[in-house]
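J.: Pasting a structure here, questions to come.
Just so it is clear, none of the values below were taken in a lab; they were calculated from the coordinates. It should be emphasised that the depicted structure is a prediction, and the values quoted were computed from it without experimental measurement. We place every Cβ from the backbone using ideal geometry, glycine too, and count neighbours over all the protein chains shown.
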Amino acid sequence: MSYNQPPYYQNSQYGAPPNNQGRLSPGGFHMPTSNPPSSLPYSYPASSYQASSPFRDGYAPSYLPPPTSQLYGYSSSDPPPPPSFSTYPGAPPSNQYVPFPQQAVVIHYRNAPVPAPVGYELPPQSDIAPGYDPTMDIDKIRQATKGIGTDEAALSAVLAHLGSLPMASLSAAFKARTGKSLTEVLNNESSAYFGLVLHQAITSSSQKLSLFREILHGLVLGPLWYDVELVQSAIKGAGTDELLMIEIIADLTPSDRQNLSIAYRMRYGRDLQTDIRGDLNAKTERLYTMLLSASLPPDNSPVDFQQVQNDVKALYKAGQGKIGTDEITFCDIIINRSKSHLAALCDAYGRKYKSLTKVIKSEFSAHMRQTLLFIVDGAKSKHAIEFGPGVWRDAKLLEKSMKGFGTKDKQLIRRIVRYHWDKPRFEAMKAAYQKKYRKPLESRIAGETSGDYKKLLVAIVKGDH
């Protein structure tokens, strides 16, 4: 069946543009490039189109656009004028230049405000820390790093007390004024930066200087970019630093994980989930895929106690109630529940069977056991009501860094630097440490460290930002 159609100009009253042959496509019309306002009612009786219909007898399209004389309230001889910026309410005169205001985007990562990740070492677009002027601090840093040697005390005085946003503002302003990043300047002051040099003899003083630089590096990077470097160091090279990866990944909220993944790709040009999966065995890989993909309900959401009972039964059937262990069921429940739900689940399971912690220790091993225990220990209600979720667990981790023969300096550094950004939680952690070990945290650290390294760590713990 074919249709004899008139040339395009014979049908111009419908406002339909020509196709490649200058004719309408069979059986219908092209829509106008700009849709008419939805508030304009269209009601067209069929009789208004019958006299000039270009179609064969007995055929009518399912949709007919309005005549151009009714488009947008203008006649075909009077097209609508282009919009003028000066006609908008509050607009300045057309001859007045108004710069576009740049508003830096602030997000929260691990409860600390940070500039949104826009690119590694790219400065915020505007004043990220209103009320803080970095000018004097820049001058002090330049003076402290000028010439041979470094004034560690001056650097500590500047950097130990800055919050996350002032630190980001200082880093951006320092680069703008000096042409070098703050991390670059601090790193160049020590050839032993970020780890001990293993290919030559290291004196005690140079070890302390290296640790001092490592603390400064973590402070200057800020909460988000420091975690990016730490998680990359956990998976690079032979083997995996399992404990470090657990501490960074397992306790993040979904939005934190998303921001960490975005920043990781900006920094290294690779996908975080792919890099982690490529470094783990099959079951642990699935565990971390679930962790990085989890979409948890808010921790303050109401607890569904019927769901808690269902989870108790499911965990029993997956562990104690069978030969072998259904690892994925355990991972699914523990990873995809809020902390408040997990607290209720731990209580309910312990009352009905035995401690969920003991079950995990008996049913799992190695990396999976460490990860699940880290999550469950952080959700237990025994101390969470008084100090907050995970605070008691993290206070014990700080003690583990100093317990026994010799201090695990790197472990202590990364924990103090990472924890201190969230000041309310860090204060609760210090109170929990005091309650458990009957000693202030800063006193314990002062007894395990020395020199400028000690002074900087103690200043961070006492911090007033």
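J.: Could you list, in their original order, any pairs among Lys140/Lys454; Lys352/Lys462; Lys352/Lys436; Lys361/Lys439; Lys317/Lys410 whose Cα atoms are separated by more than 32 Å?
T.: Exceeds cut-off: Lys352/Lys462; Lys317/Lys410.
J.: With the Cα gyration tensor of the range 210-253 giving a ≥ b ≥ c as the square roots of its eigenvalues, does the rule (a/c under 1.5 for rounded; else a/b larger than b/c for prolate; else oblate) give rounded, prolate or oblate?
T.: Oblate shape, in that a/c is at least 1.5 and b/c is the bigger or equal ratio.
J.: Tell me whether the range 374-465 comes out rounded, prolate or oblate; compute the Cα gyration tensor, take square roots of the eigenvalues as a ≥ b ≥ c, and use a/c under 1.5 as the rounded threshold.
T.: The shape class here is prolate.
J.: What's the magnitude of the charge dipole for the range 205-323 around its Cα centre, counting Lys and Arg as +1 and Asp and Glu as -1 at the beta-carbon? Answer in Debye, nearest 20.
T.: I would put it at about 300 debye.
J.: Arranged by the count of other C-beta atoms within 10 angstrom, fewest first, what order do Leu219, Leu186, Leu280 take?
T.: Listed from fewest to most nearby Cβ atoms, that is Leu280, Leu186, Leu219.
J.: How would the range 259-347 be classified by its alpha-carbon gyration tensor: rounded, prolate or oblate, with rounded meaning a/c under 1.5 and the a/b versus b/c comparison settling the rest?
T.: The shape class here is oblate.
J.: Further question on the same structure: Whose amide H sits under 5 Å from the amide H of Ile107, counting only residues 5 or more places off or on another chain, with H placed in the peptide plane?
T.: For Ile107, the qualifying residues are Val114, Ala116.
J.: State, as an integer percentage, the relative contact order of the range 300-380 based on alpha-carbon contacts under 8 Å between residues 6 or more apart.
T.: Relative contact order comes out at 34 percent.
J.: So, by mean Cβ neighbours within 10 angstrom, what's the order for 169-177, 151-159 with the highest one leading?
T.: 169-177, 151-159
J.: Okay, next question. What FRET efficiency, computed as 1/(1 + (r/R0)^6) with R0 = 22 Å and r the Cβ-Cβ distance, is obtained for Lys317 and Ser255, rounded to the nearest 0.05?
T.: After rounding, the FRET efficiency stands at 0.10.
J.: Then there is this: Dipole size in debye (nearest 20) for the range 247-314 around its Cα centre, Lys and Arg Cβ +1, Asp and Glu Cβ -1?
T.: Around 280 debye, computed over the range 247-314.
J.: How do 105-118, 301-314 rank on mean C-beta neighbours within 10 Å, highest first?
T.: Result, highest mean first: 105-118, 301-314.
J.: Let me ask something else. To the nearest 20 debye, what charge dipole does the range 300-380 have about its Cα centre, counting +1 at the Cβ of each Lys and Arg and -1 at the Cβ of each Asp and Glu?
T.: 300 debye
J.: Among Ile328, Leu315, Tyr353, which residue has its Cα furthest toward the positive end of the charge dipole of the range 300-380, with +1 on Lys/Arg Cβ and -1 on Asp/Glu Cβ?
T.: Result: Tyr353, furthest along the dipole toward the positive end.
J.: Provide Thr274, Thr371 in ascending order of the number of other Cβ atoms located within 10 Å of each residue's Cβ, fewest first.
T.: Ranking Thr274, Thr371 by Cβ neighbours within 10 Å, fewest first, gives Thr274, Thr371.
J.: Neighbouring Cβ atoms within 10 Å as the yardstick, rank Arg337, Arg444 fewest first.
T.: Ordered by Cβ neighbours within 10 Å, fewest first: Arg444, Arg337.
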